[in-house]
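Data block below; observations after.
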Amino acid sequence: MTADELKAFCKERNLTYKELAEIIGNSEATIHSAIAKGELSVPMSKSIQMYQEILALKEQLKDYAELKSVLKKALQDK
């Protein structure tokens, strides 16, 4: 992940660098340093990638919960 991708990710998710740092277990200074250098360390990049995957899985679970609710209601209506 590049520094620009990190900036875009934070903007897209409406996250401050401080909030992201807390989520992935880094300091805000580490995030700012990575952006200033223009590259992220492999562990930081992997942590952010895993966080992105978690968010995607949570969205899928939400979709499945909605589907489950619709199916349950449809079956009760019979």
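The values are calculated or read from the model by the stated rules, or taken from the named source; none is laboratory data. Given the structure is predicted, the values throughout are model-derived calculations rather than measurements. Every residue, glycine among them, receives a Cβ derived from its backbone with ideal geometry; neighbour counts consider all protein chains shown. Ligands, DNA and RNA are stripped out before the accessible areas are found, and what is left, the full protein with its side chains, is counted by its heavy atoms. Shrake-Rupley method; radii C 1.70, N 1.55, O 1.52, S 1.80 Å.
Using the alpha-carbon atoms, what tilt in degrees (0 to 90, nearest 10) does helix 28-37 show relative to the longest principal axis of the chain?
Roughly 70 degrees, rounded to the nearest 10.
Over segment 1-73, with the other protein chains present, what is the accessible area per residue in square angstrom, probe 1.4 angstrom?
Accessible area per residue, segment 1-73: 74 Å².
So what's the net charge close to Glu28: Lys and Arg +1, Asp and Glu -1, counting the other residues with Cβ under 11 Å from its Cβ?
Counting the neighbours of Glu28, the net charge comes to -1.
Taking Rg and Dmax of the Cα atoms in Å as the quantity of interest, determine which of (i) 11.8, 35; (ii) 11.1, 33; (iii) 17.7, 62 was computed from the displayed structure.
Label (iii) holds the value from this structure.
Taking the 0 to 90 degree range and rounding to the nearest ten, how far is the long axis of helix 3-13 tilted relative to the main principal axis of the chain, both from C-alpha atoms?
Once rounded, one gets 40 degrees.
What percent does the relative contact order of the chain come to when contacts are Cα pairs within less than 8 Å and at least six residues apart?
This gives 28 percent for the chain.
Which FRET efficiency value, to the nearest 0.05, do you get for Glu39 and Glu66 by plugging their Cβ-Cβ distance into 1/(1 + (r/R0)^6) with R0 = 35 Å?
0.35
Could you sort out which of Lys11/Lys58; Lys18/Lys46; Lys7/Lys62; Lys7/Lys68; Lys11/Lys68; Lys11/Lys62 sit more than 28 Å apart by Cα distance in this structure?
Check vs 28 Å cut-off fails for Lys7/Lys68; Lys11/Lys68.
Using only Cα atoms and rounding to the nearest 10 degrees, what angle (0 to 90) does helix 42-76 make with the longest principal axis of the chain?
10 degrees
Please report the accessible area of Ile23 (heavy atoms, 1.4 Å probe, ligands and nucleic acids excluded) in Å², nearest 10.
80 Å²
Using just the helices of the chain, give the 222 nm mean residue ellipticity in deg cm²/dmol: DSSP H runs with n ≥ 4 each add -39,500 (n - 2.57), and the total is spread over all residues, rounded to 500.
Mean residue ellipticity, 222 nm, calculated: -27000 deg cm²/dmol.
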